[in-house]
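The values are calculated or read from the model by the stated rules, or taken from the named source; none is laboratory data. A quick note: this is a predicted structure, and the numbers were derived from the prediction, not measured. Cβ: placed from backbone, ideal geometry, glycine included. Neighbour counts: every protein chain shown. Only protein heavy atoms, including side chains, enter the accessible area calculation; ligands, DNA and RNA are left aside. Shrake-Rupley method; radii C 1.70, N 1.55, O 1.52, S 1.80 Å.
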Amino acid sequence: MPKLQKIFTLEISPEQFLNNCSPSELKEIDLLIQSNHYVKRMESQTCSVCGCSDYDCRDCMQKTGKPCYWIEPNLCSACAGTIKEIENES
Ligand SMILES: [Zn+2]
Ligand SMILES: [Zn+2]
């Protein structure tokens, strides 16, 4: 039997999502958001140059072919690399 695979992507804002949650679901979200996993996520560093974070590094992956790491607070290795290359050329 041939298989048909479809992937649906729905784009909604966090606010729209919350507006559609029932009170008990909101309580569950409240509990989840206070758990270590999400607290850590909220405190994740963000690169001040490209805006990537520990959780969204797709742009760096496209640029350098590998995920970045933190060179300095709020400066990722992908951006540090481009800064160095410019310095070497001069
Ligand atoms: Zn960066
Ligand atoms: Zn990155």
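Treating only the Cβ atoms of Lys and Arg (+1) and Asp and Glu (-1) as charged, compute the dipole magnitude of the chain about its Cα centre; round to the nearest 20 debye.
440
Using only alpha carbon pairs under 8 Å that are at least six residues apart, calculate the relative contact order of the chain and give it in whole percent.
RCO, the chain: 15 percent.
Whole number please: convex hull volume per residue, Cα atoms of the chain, in Å³.
Considering the Cα atoms of the chain, their hull volume per residue is 187 Å³.
Leaving ligands, DNA and RNA out of it, work out the accessible area of residue 13 with a 1.4 Å probe and give it in Å² to the nearest 10.
Estimated to the nearest 10 Å², residue 13 gives 50 Å².
Write down the accessible area per residue of the chain in Å², having rolled a 1.4 Å probe over the full set of protein chains.
For the chain, the solvent-accessible area averages 91 Å² per residue.
Towards the positive end of the charge dipole of the chain, with charges on Cβ (+1 Lys, Arg; -1 Asp, Glu), say which of 55, 8, 39 has the farthest Cα.
After comparing all options, I get 8.
Can you tell which of 21, 52, 60 shows the greatest fluctuation in a Gaussian network model of the chain with Cα springs below 10 Å?
Among 21, 52, 60, the largest mean-square fluctuation in the Gaussian network model of the chain belongs to 21.
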